[in-house]
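Computed from the coordinates by the stated procedures, all read-outs in this text should not be read as laboratory data. No experiment lies behind these values; they were computed from the predicted model shown. Cβ: placed from backbone, ideal geometry, glycine included. Neighbour counts: every protein chain shown.
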Amino acid sequence: MNKANLLSELQSIYGAKCQVCNGETANTFIHLVPLKVVRYARNLNKRKNRQYKRKLPEIPNYQINNLLPVCAQCQVKQFNLDIYQLLSLQQLKIIDNQRQKHGYPELLTAGNVRRLHKLLANRNNYI
Ligand SMILES: [Zn+2]
């Protein structure tokens, strides 16, 4: 994963500005489905001797449609909030507009992080 390449690709999708505060230039990104959730699901699927073999959604750590360009301050803000707590309805709509153009699962369609994870795993449009 090359952070600079990912960031420039994300900016070509969402624009140069931070998608949370809309003031600063985005210089990093956040995971819509948190990285710890992505890793946890993958590790749990690998585990043998599980009583219930329900397969959890699996996506790569840096799947492009799970990332959102933000500024460093907003990256910190996101730490304990999920994306639906962090962003207003209006912001989610603006982001979904761009996601729709790229065939990415939309945030408002998913409605919560768990369903978003599932939708992201069902599509094979990642890099
Ligand atoms: Zn910001």
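Brief remarks on what is shown
- Net charge dipole size for the range 3-122 [Lys, Arg +1 and Asp, Glu -1 on Cβ; Debye, nearest 20]: 920 debye
- Projecting the Cα atoms of Ile59, Asn5, Ala72 onto the charge dipole of the range 3-122, computed from C-beta unit charges around the Cα centre, puts Ile59 farthest toward the positive end.
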